[in-house]
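We did not get these values from a lab; they are worked out from the coordinates using the rules stated. Just so we're clear, the structure is a prediction, and the values are computed from it rather than from any experiment. FYI the Cβ positions are ideal-geometry reconstructions off the backbone, even for glycines, and counts take in every protein chain you see.
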Amino acid sequence: MKSIHRRIAAALVEIPAVDIHSHLGAHGICHARTLADLVSYHWVHLELARAAGRQILCNPATAPGAYMEEVLPYFPCVCNTVNHYALMGMLRDLYGIKAHTLTARNWRRADEAVRARAGDAGWMDAVLDAYRVERVGIHYIDGIPPDSKRYVPYAYANYLYTPESRHDLARIRHEKNAVPQTTEELESAIWHEVKLLAFEYGIRALHCGIRDAFEYRTPDRAKVGPVLKALAGGKPVSEQDANVFRSFTADTTAEAARDHGVTVRLFCGSIRYAESVAVGTATYWNPGFLSSLAFHLDKHRDTQFDLLLVSPIPSHEAVCLSRVYPNLSISGAWWHGFTPSTMLTFFRDRLEMLPTTCWNAFFSDARMVEWVGGKLLVTRNRLAHALADMIDEGFFSERDALAIARRLLSENPKRIYGIE
């Protein structure tokens, strides 16, 4: 590693970060109770299962020791992956485990270290302090730790932004407390729901997962009512009619978000594998989504949107869109994009084309606080490389790079999400 890379990497460790999206508190769990909790998390578990060539049989929650014994033989086969790097990095930083990988000789010591913190009420803050994480986005239903201003609530809002069924419509709380039956009732219900989320729960973002086939169409109001009636009655609708309907609800949600100062966060590029696969999603890209999104952004220039990408395929196009529309920012990298080469593509595209006020470098998507740190390790590493490479190539100075990093890790997410 060149000296410039080492200096930038060391400097980035000292720069505070804001995590705009996590799942802390989901299922009542905020931090690890055993080593198996950390090892079984998300893609590490899938990588170990893939190395084994079979499903992992032991349950990490009910039989953590047996789970570790089952997966340990496969660690040599995953020590090349970025998720393994993040796992071992957090074990080193938080628990003092300075090993290259987990083995039959060291895993019990690591497990004891994790268990020793399981009942520590201050452990979440200790982890975030260790990685200099100032604020963390958390789903408001999962439960924000009491007496803490560190956590910023958001809401999942697919049921508002792009509802697909009677079940979605029934979730939109409003005065009549029933499934909306008319276009006017639907409009009023969405406004009421956004107001409730903003004022009762203090949310700063509506997190909207974009269905693979969604493309924005300037909605014909006359066509919305019949589709609403069909969905409310539990009947299927065509994809074309569904897109007209979703475009109407997306417009209404964006208008309500604007009036209540809430950011609309769009997550796209992922699709579930076949029903026969119990766990996992595939990278998917609908080329019509971003080009159609331009009309939506143009219509709602006073609404703040933030785009979370899964795949490097649309990275360049997304940056071009953000360069044109000041109400669109781009953030981080989701798990399929959470690889060194993909993150470098994301960061170089954004650094080379966008003002440094237009994007955020980080979100964790973590379900345990330790993984906030693990993912931030990789993010800082990749951002340091992107910045150092551009310094070395003569594009800007080292001083510029550190100012840029502070914007991307801390200042931009605070401004874009209205975080005090």
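Taking a ≥ b ≥ c as the square roots of the eigenvalues of the Cα gyration tensor of segment 33-116, is the shape rounded (a/c under 1.5), prolate (a/b larger than b/c) or oblate? Oblate is the answer for segment 33-116, as a/c is 1.5 or above yet b/c matches or exceeds a/b. In order along segment 30-37, the phi-based Karplus estimate (6.51 cos²θ - 1.76 cosθ + 1.60, θ = phi - 60°) of 3J(HN,Hα) comes to 10, 8, 5, 9, 9, 4, 4, 4 Hz; Gly and Pro are listed as x. For segment 177-253, the list of chymotrypsin sites (Phe, Trp or Tyr not before Pro) that fall in a loop by DSSP and count at most 15 other C-beta atoms within 10 angstrom reads Y201. Treating the chain as a set of equal point scatterers at the Cα positions, no solvent, please give the Debye-formula log₁₀ I(q)/I(0) at q = 0.07, 0.10 Å⁻¹. Debye output, listed in q order: -0.35, -0.73. Across the chain, C-alpha contacts under 8 Å between residues 6 or more apart give a mean separation that, scaled by the residue count, equals a relative contact order of 21 percent.
With the helix formula -39500 (n - 2.57) applied to DSSP H stretches of n ≥ 4, the chain reaches a computed 222 nm mean residue ellipticity of -14500 deg cm²/dmol. When only the Cβ of Lys, Arg, Asp and Glu is charged (+1, +1, -1, -1), the dipole of segment 100-241 relative to its Cα centre reaches about 360 debye. The equivalent ellipsoid of segment 18-76 has semi-axes of 23, 14, 9 Å, largest first, where each one is the square root of 5 times an eigenvalue of the Cα gyration tensor.
Apply 1/(1 + (r/R0)^6) to the Cβ-Cβ distance of T62 and D241, taking R0 = 51 Å, and write down the FRET efficiency to the nearest 0.05.
Taking R0 as 51 Å, the efficiency between T62 and D241 is 0.65.
Taking the Cβ-Cβ separation of A213 and E184 as r and a Förster radius of 45 Å, what is the calculated FRET efficiency to the nearest 0.05? For R0 = 45 Å, the calculated efficiency reads 0.95.
Residue by residue, segment 54-59 carries 3J(HN,Hα) couplings of 6, 6, 6, 8, 7, 8 Hz when phi is fed to the Karplus relation 6.51 cos²θ - 1.76 cosθ + 1.60 (θ = phi - 60°); x denotes Gly or Pro. Here the contact order of segment 97-202, divided by its residue count and restricted to Cα pairs under 8 Å and six or more residues apart, works out to 15 percent.
Quick check for me: using +1 on Lys/Arg Cβ and -1 on Asp/Glu Cβ, what's the dipole size of the chain about its Cα centre, in debye to the nearest 20?
600
For the chain, hydrophobic long helices are taken as DSSP H runs at least 24 Å long by C-alpha position along their axis with mean Kyte-Doolittle hydropathy of -0.5 or more; these are 183-200, 369-392.
The modelled label-to-label distance for the pair A403/L196, using points 7 Å beyond Cα in the direction of Cβ, is 4.7 nm. How far is the Cα center of segment 114-158 from the Cα center of segment 190-269, in Å? So the two Cα centres are separated by 29 Å.
Note on the chain: lysine pairs with Cα distance below 26 Å, sequence gap of 8 or more or different chains, count 17.
Mean separation of Cα pairs under 8 Å and 6 or more residues apart, divided by the residue count, gives segment 233-354 a relative contact order of 23 percent. Pull out a ≥ b ≥ c, the square roots of the eigenvalues of the alpha-carbon gyration tensor of segment 1-145, then state rounded if a/c is under 1.5, prolate if not and a/b is larger than b/c, and oblate in the remaining case. Since a/c reaches 1.5 but b/c is at least a/b, the shape of segment 1-145 is classed as oblate. Between H316 and L46, the contour length at 0.36 nm per residue exceeds the alpha carbon distance by 94.3 nm.
Between N80 and D298, what is the FRET efficiency for a Förster distance of 51 Å, r being their Cβ-Cβ separation, to the nearest 0.05? That gives a FRET efficiency of 0.70. Computed extension gain for R221 through I141, at 0.36 nm per residue and net of the alpha carbon distance, reaches 25.5 nm.
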